[in-house]
1. Quick one: compute the contact order of the chain, relative version, from alpha carbon pairs under 8 angstrom and 6+ residues apart, as a percent.
2. With point charges of +1 on the Cβ of Lys and Arg and -1 on the Cβ of Asp and Glu, referenced to the Cα centre of the chain, which listed residue (T241, A57, S103) lies farthest in the positive direction of the dipole?
3. Treating only the Cβ of Lys, Arg, Asp and Glu as charged (+1, +1, -1, -1), what charge dipole size does the stretch 69-204 show about its Cα centre? Round to the nearest 20 debye.
4. Hey, quick one: spin label on E243, modelled 7 Å out along Cα-Cβ, who in the stretch 281-317 has an amide N within reach, i.e. under 13 Å?
5. Quick one: work out Rg over Rh on the C-alpha atoms of the chain, Rh as Kirkwood radius.
6. Among A300, H338, L354, which residue has its Cα positioned farthest towards the positive end of the charge dipole of the stretch 262-359, with +1 placed on the Cβ of Lys and Arg, -1 on the Cβ of Asp and Glu, and the dipole taken about the Cα centre?
7. With a cap of 15 neighbouring Cβ atoms within 10 Å, and only residues DSSP puts in a loop, list the chymotrypsin sites (Phe, Trp or Tyr not before Pro) found in the stretch 235-303.
8. Provide, for q = 0.16, 0.17, 0.19 Å⁻¹, the log10 of I(q)/I(0) from a solvent-free Debye sum over equal Cα point scatterers in the stretch 175-305.
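Laboratory data are not the source of any read-out in this text; all were calculated from the coordinates shown. All values derive from a computational prediction rather than experimental measurement. As a convention, Cβ positions derive from the backbone with ideal geometry for all residues, glycine included, and neighbour counts pool all protein chains shown.
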Amino acid sequence: MKRLTLPLALLIGLFAPTVASSKTVDVYFGTAGNGSKGIYHAKFDTASGKLQQATVAAEIGSPGFLAIHPNEKFLYAVAQNQNGPCVAAYRINDDASLTHLNSEAIGDGGGAHIAVHPSGRFLLTAQYGGGSVALFRLEEDGSVQARAQLIDHEGGSGVVPSRQNKPHPHWAGFSPDGRYAFIPDLGLDQIVVYQVDTTVPSISHVRGIDSVPGGGPRHMRFSVDGRFIYLLNELALSVTTFEYDPADASGKRLTTTKALSEAVKAKEVFNSSSEIIVHPNGKFIYSGNRGNDSVTAYRANPSTGELSVIEVEPVRGAWPRNINMDAQGRWLLAAGRHSNTVSVFEIDQNTGELAFQRQSSVNVPAPICILFKE
């Protein structure tokens, strides 16, 4: 019988271990603090989890939070220039470098957060210090127009006197259908809801959704299916789940889950929550804990929206001001503002647990925002 022989290269291919395909994506970092020069950029390998050393992409003062246009051609930052707090617009070049288009004054206390509407026609900024929300319309070339609206929040819950005697809008975002804007306000213990008019564009007040007294709403996210709102309470270090009604943008408060136990918090001189993100599979939620310097991982009940803590993972850095993950939800990055570090963690897709990747972590001066462009 004639023996069948195969080429050596084919034999090697048949028995070689499968290697995950590599995809390199761009990551931008907003920074604010000693040593910071502006917006930084690095390449990230989604197969290996390797984050390259970051370099300056654009020099500007304290470019805190960043947002990307839906067409992924433009990037926006709340920052500081010679005239004070501003919105800075950039074109993203083919080599991932940034070209400054223009900047427009916010005209109120420094912007804490920024979000571009899904239509790409305008963006919102939330001013923690000024207690306001501002709207800026966008040109087709990506540049930002002069401020079109400034809406002041009023009141304060007063539950935590040092922090809640007046409004402190802390985050801006939109409902899954883009019909409403949501502004968690730490001082009011509310999520303030606005209706969106994309024809003008403009926003108008609808209602306030009350959160837990003294919780201090900071950031929020919708569940993947849009049924629930997960609100991060900065002062209480907890996450409150709301059932969301898209018909009128109302929310029914359901449950609140602590990020850290009272016993753990009692050992810290100071701690507060920083960021919340939802895994693309909808099963896992993550929040950052400053002071404890950790990330809490939760499992989400798909029927009730209730969260249960999976683990509390140290970030191997100080003051995790922001966390974010890649589009596939395989990797989580944590920005240690006080340690000038960005730590990389692999996410277990079955359990949601985090595994620290020591060889992948890098130094970035005073990072406070992580933005993936994929």
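1. 12
2. A57
3. 200
4. Residues 303-306 qualify, since their backbone N sits under 13 Å from the label point.
5. 1.01
6. Checking the options against the dipole of the stretch 262-359, the answer is H338.
7. Answer by residue number: F270.
8. Rounded to two decimals, the profile gives -0.78, -0.86, -1.04.
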